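Only the coordinates and a few stated rules stand behind these numbers; no lab work does. All values reported here derive from a predicted model rather than from experimental measurement. Positions of Cβ are backbone-derived with ideal geometry, glycine not excepted, and every protein chain shown enters the neighbour counts.
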């Protein structure tokens, strides 16, 4: 017996195969759908760790009462570099010692961590400083996986020590990097208490889940479009046999679409268009890049950043905009701000236009966005997706009219422009939706 565990960029699920069939377990009682755990982690100062909906609620409550930041520097050790003399060089060995100093906000009530899967994919190998303590990325992911295991074990009245983890077709372009990331995920699972860990590509798992419910012979293209990645699996079922014809994947997901909305519609409210100094300098690129990536905003919370903010306020007439940026960083409002973007994006699936509304502390913004604007933003990505679909079909030696169905799973597959692209390419009768948020987890348990 094993668990199937889908650790996602935005959401995670865990399942088990029982005599009555596959069951996706309800592990977050506070969530709107208890089978879906938000992939977030909150460390509350002097009060432990929280995951999922509890983490979100606790972080929001703590931020409402938090004090202004007070950042200190703390010596955490040193790095020693030893330089040997070159051949023929009469000089001795040089030893350089560099102090390692951590900076953190002592008034911070807690630390909220999100998009850990993205950090894994982007190759973060350092230690994260969390309220003065350092953790590896494997440890942080392990905390979430351990919570999922404990909740699942409680529901099953037994400890299950074997797990099949989902993984994208490609974590990164390099196979060496892929194997390294898989090794790190395996370590995170072992830290969570699993003694036997194996992997299955997420689109293959979702395809198996589909065929578990639909037994007819067919050739299908599985289209798994989540928050961080888009994965494909071309599979043929004949009788009891299943043949994988091709797989592929892209580092395109719903979070990337949110980043486009932030950059093109919201970032201006936080000063990205201001100029400063006698030379009329633009806002530094590094700040614009951090603003775009919600999970990296807290990297800006440093003494150097606050010194620069003070300089901006002295030299720019639009002081209020700079103060909004300070508040966004000081009070760790990245999750809340991008939640407002996500809410508007979802509303555009039903409406022609809506507004992104954000109202916290001294920040109030209301920015209209139309579905047409959003579709213009994501058009380059849709072209890339369509090109990759053609590649998958070509690799699988399958013509599009030979496909019986295109099976969609993952929240981003519900975006109207995405659905329309698939309809235009394959025809409406072939497009089916299957267990949007739990199809991968269900397949991993088989």
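Computed quantities for the displayed model
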quantity: Gyration tensor verdict on the stretch 347-446 (Cα atoms; rounded if a/c is under 1.5, prolate if a/b is larger than b/c, oblate otherwise); calculated: prolate
quantity: Three principal axis lengths of the stretch 161-313 [C-alpha, angstrom, descending]; calculated: 74, 35, 26
quantity: Among 28, 435, 157, residue whose mean-square fluctuation peaks in a GNM of the chain (springs only between Cα atoms under 10 Å); calculated: 157
quantity: Overall form of the stretch 122-241 per C-alpha gyration tensor (a/c, 1.5; a/b vs b/c); calculated: oblate
quantity: Label assignment, semi-axes √(5λ) of the Cα gyration tensor in Å derived from the structure, set [x] 38, 26, 20; [y] 33, 28, 18; [z] 39, 29, 23; calculated: [z]
quantity: The stretch 177-217 - Debye-derived log10 I(q)/I(0), Cα point model, q = 0.16, 0.23, 0.29, 0.33 Å⁻¹; calculated: -0.57, -0.78, -0.94, -1.04
quantity: Sum of -39500 (n - 2.57) over DSSP H runs of 4+, divided by residues of the chain (222 nm, nearest 500); calculated: -11500 deg cm²/dmol
quantity: Residue among 376, 172, 49 with the largest mean-square fluctuation in a Gaussian network model of the chain, springs linking Cα atoms under 10 Å; calculated: 376
quantity: Alpha-carbon centroid distance for the pair the stretch 112-161 / the stretch 201-269, whole angstrom; calculated: 24
quantity: Inter-centroid distance (Cα atoms) of the stretch 270-325 relative to the stretch 350-417, Å; calculated: 31
quantity: Taking the stretch 215-434 and dividing mean pair separation by its residue count, relative contact order in percent (alpha carbons under 8 Å, at least six apart); calculated: 25
quantity: Protection proxy ranking of 11-22, 353-364 - average other beta-carbon atoms within 10 Å, highest first; calculated: 11-22, 353-364
quantity: Share antiparallel - DSSP beta bridges, the chain, percent rounded to 5; calculated: 80
quantity: Computed over the chain: relative contact order in percent, which uses C-alpha pairs under 8 Å that are six or more apart; calculated: 18
quantity: The stretch 215-434 - Debye-derived log10 I(q)/I(0), Cα point model, q = 0.17, 0.18 Å⁻¹; calculated: -1.10, -1.19
quantity: Considering only the stretch 215-434, percent of DSSP beta bridges that pair antiparallel, nearest 5; calculated: 75
quantity: Contact order normalised by residue count of the stretch 305-446, Cα under 8 Å, 6+ apart, percent; calculated: 14
